[in-house]
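The values are calculated or read from the model by the stated rules, or taken from the named source; none is laboratory data. Note that the coordinates shown come from a computational prediction; the quantities given were computed from them, not determined experimentally. Positions of Cβ are generated from backbone atoms using ideal geometry, with glycine treated the same way; all protein chains shown enter the neighbour counts. Remember, those area values only see protein heavy atoms, side chains included, never the ligands or the DNA or RNA. Shrake-Rupley method; radii C 1.70, N 1.55, O 1.52, S 1.80 Å.
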Amino acid sequence: MTQKGGHPDGGDLSTDRAGSAAPVAGGRYRGRMPSAPDVLHRVFGYAEFRGDQAEIIDQVVGGGDAVVLMPTGGGKSLCYQIPALVREGTGVVISPLIALMQDQVDALEALGVRAAFLNSTQDPDARRLVEQQLLAGEVDLLYLAPERLRLDATLSLLDRAPLALFAIDEAHCVSQWGHDFRPDYLGLSVLHERWPDVPRIALTATATDATRREIVERLQLRDARQFVSSFDRPNIQYRIEPKNQPLAQLLQLLRTEHAGDAGIVYCLSRASVEKTADALVAEGISALPYHAGLDASVRARNQSRFLREDGIVMVATIAFGMGIDKPDVRFVAHLDLPKSVEGYYQETGRAGRDGLPSTAWLAYGLQDVVQQRRMIQESEGDAAHKRRTSQHLDAMLALCETVECRRVQLLAYFGQAAEPCGNCDTCLAPPEAWDGTVPAQKLLSTIVRLQRERNQRFGAGHLIDILLGRDTDRVRQQRHDELRTYGIGTELGEQEWRGVVRQLLAQGLLAVNSDGYGTLVITESSASVLDGSRQVMLRREPERVAKRAKRTAGAELPETARPLFERLRAWRADVAREQGVPAYIVFGDATLRGIALTEPTTLEELGTISGVGEKKLDAYGEAVLAVVAEHAPQPVGADPAEPR
Ligand code: ADP
Ligand code: ZN
């Protein structure tokens, strides 16, 4: 059982291997085409396909085109990696994420797959070497930046190499309306024109119909089969809470639930990124900033540390995150309101790609609504553009203010039905709906009176001061204590009033004036509230969702397996550091959990754990068994795992 590299399992994996150490991947199986399940088991070490993977792979292996919409973490990469290994020739992967290509190639090489990339970061010698390997048929997967396809040299290089397929990753970059638009993606129609017989597979985690249609049109994929997965991410817990003291709320989340975990904190502006990162560092948290205003080298260094070190918190604008395939991001926190549900879903989707429990947390307040409405009004775009961005905001607000399951609401936005999930804040602590008609009338009539009687407009703060009957400088100067509505709102506190204003804004019963000062005005719909013909139902915030136990990767393991899990993580960190690769490239958390739970004592046993393929068994099998053996008392007698 100590033979190296053999898969001693004897099951359907044994194909034509005579116990040789030939790498399966990289591998043409000498004249014989491996089957897709073979590759799944032997290269990736997984027991079965997930969701639509098998069908998608069949389609592409058979030479057909495919458009794949699958949520982040759904397993898109296998959909092109396996066909590339099964079909003759090289699979060419078009990806905009140059900074991540090295990691992608490292991850494949760790599996024994022959992978390479061509992009502008390479020096000419390195590029020439890759070109030679490609022409010699020694590359299974080649990652290519889209701008390289504009070069004649690249086109003629690909002409001379046998090609298995084209995979167009992050295919939504072709959409001119999306915030990830890349002009070079429009040039990808060349693939079909120049190589009509090479199958193409376009993949994205963007879920809307509009994006799918644009991908199909612009990439000439009208005859492609379309695969739309469920967009549910059951392991992500969605929570949205009112923003009172954002930093304190964030710290509470980090300390009580995610101490030592890797996560992303999104902020709207560069300035708030810097400020928040500094504040977290001052609180002893390993936080790093990331935004487009930082020097490229600083960005690259921070991204690399986030990927390679354990437990880094990245504080970032939305410039960060696309294509980051770090599987153990345990939380994504938003300190400002995202501009659309699509954006929110993409960003939160970066949590928990490994399928383990993770948190998506958002704090949002009245100021977010006012600010974003203002930004829309002041934007350069034409009327149609403003209408669209404001619809996006409305949908996001509706998600924030819902009294129903967040997941049901999210999936409905993407046209998918679901049952209440039991794993979001509204399911865990259902908020009450309350009749806010009277407070709404008090607020609206204050606004109307100020407008009619004084021709004045004010922002939320002063309106609330009036309702609460406060004695402020402005109240005195303006003699607002003489208004009929002065002091009539003492049944609610300041925070509750802010909640009322926020929700009226969200429901379109109140609007931000276009004067650029954030003053509030009534809308056409307000009249029906004022005359009592319309009831206003509001959401009462429940007490904070009861404090949960820590939700780190090891947390849900039985007590007895935890020490071994931690030892395996320490071992993995050493190996990763030695090899200069991110830890997850060695083994993912899910695999380490599997090992900690089963405590394998032989290579066969280890080989059956999800995520342990032949190459990794070969490279790390003995070392892992040694870690396990050290942990458990060794049985007397023949122990194949005995460290040498
Ligand atoms: P996506 O690109 O869709 O965001 P990935 O391709 O990165 O997702 O896959 C997410 C995680 O799930 C990875 O760690 C991957 O290895 C794992 N995975 C994918 N397919 C399977 C499968 N069939 N069985 C077990 N794990 C899988
Ligand atoms: Zn729910």
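Worth pointing out:
- Beta-bridge orientation, the chain: approximately 15 percent antiparallel, per DSSP, counting only bridges with both partners inside.
- Length added when fully stretched, N244-A570, from 0.36 nm per residue minus Cα-Cα: 113.5 nm
- Summed residue charge, Cβ within 9 Å of Q59's Cβ, Lys/Arg positive, Asp/Glu negative: -2
- Whole-angstrom gap from segment 30-96 to segment 189-258, using each part's C-alpha centre: 19
- Descending Cα extents along the principal axes, segment 489-625, whole Å: 78, 33, 24
- A Förster radius of 25 Å combined with the Cβ-Cβ distance from A300 to Q176 puts the calculated FRET efficiency at roughly 0.35.
- Protection proxy ranking of 504-511, 419-426 - average other beta-carbon atoms within 10 Å, highest first: 504-511, 419-426
- Shape class for segment 236-430, computed from the alpha carbon gyration tensor (a ≥ b ≥ c): oblate, with a/c not under 1.5 and a/b at or below b/c.
- Cα-based helix-to-principal-axis angle, 366-378 vs the chain, degrees rounded to 10: 90
- Take every pair of alpha-carbon atoms less than 8 Å apart whose residues are at least six positions apart; their mean separation over the length of segment 562-631 yields a relative contact order of 33 percent.
- For the pair Q220 and E559 in one chain, pulling the backbone fully straight at 0.36 nm per residue adds 116.6 nm over the alpha carbon distance.
- Along its principal axes, segment 73-155 has C-alpha extents of 33, 27, 22 angstrom, given from the largest down.
- Between W497, A333, L219, the Cα set farthest toward the positive side of the dipole of the chain (charges on each charged residue's Cβ, about the Cα centre) is that of W497.
- Of the listed residues W434, W497, the order by accessible area with a 1.4 Å probe, largest first, is W434, W497.
- Between 0 and 90°, nearest 10: helix 124-135 axis offset from the chain longest Cα axis: 60
- Relative contact order, percent, segment 439-528 [alpha-carbon distance under 8 Å, six or more residues apart]: 31
- Debye log10 I(q)/I(0) at q = 0.20 Å⁻¹ for segment 434-540, Cα point scatterers: -1.04
- Alpha carbon centroid spacing (whole Å) that separates segment 290-342 from segment 114-143: 29
- Within the shell of other residues whose beta carbon sits under 12 angstrom from the beta carbon of V403, the net charge comes to -2, with Lys and Arg scored +1 and Asp and Glu -1.
- Computed E for K386/T602 - FRET, C-beta separation, R0 45 angstrom, nearest 0.05: 0.10
- Here the spin labels are modelled as points 7 Å beyond Cα on the Cα-Cβ line, and at A259 and Q535 they lie 4.7 nm apart.
- Positive-pole candidate from L617, A590, H631, dipole of segment 562-631, charges at beta carbon: A590
- Helix 562-579 axis, angle to the chain major axis (alpha carbon atoms, nearest 10°): 70
- Taking the centroid of alpha carbons for each part, segment 435-493 and segment 606-629 are 69 Å apart.
- Our helix-only sum for the chain, with -39,500 (n - 2.57) per DSSP H run of n ≥ 4 divided by its residues, gives a mean residue ellipticity at 222 nm of -12500 deg cm²/dmol.
- Under a 5 Å amide H cut-off, with hydrogens placed 1.01 Å from N, F117 pairs with Y143 among residues at least 5 apart or on other chains.
- Computed lengthening from A271 to E404, 0.36 nm per intervening residue step minus Cα-Cα distance: 44.5 nm
- Take every pair of alpha-carbon atoms less than 8 Å apart whose residues are at least six positions apart; their mean separation over the length of the chain yields a relative contact order of 15 percent.
- Highest mean first, the peptides 490-496, 48-54 sorted by other C-beta atoms within 10 Å per residue fall in the order 48-54, 490-496.
- For segment 562-631, the Kirkwood hydrodynamic radius from C-alpha pairs, put into Stokes-Einstein at 37 °C and a viscosity of 0.692 mPa s, yields a diffusion coefficient of 279 µm² per second.
- Cα-Cα separations in segment 352-464 greater than 23 Å, expressed as whole percent: 52
- For the chain, the Kirkwood estimate of the hydrodynamic radius, built from every pair of different alpha carbons, is 27.3 Å.
- Cross-link table K326/K615; K243/K275; K386/K442; K243/K339, entries beyond 19 Å C-alpha to C-alpha: K326/K615; K386/K442
- Taking the charge dipole of the chain about its Cα centre, with +1 at Lys and Arg Cβ atoms and -1 at Asp and Glu Cβ atoms, the residue from W361, G459, W571 reaching farthest to the positive side is G459.
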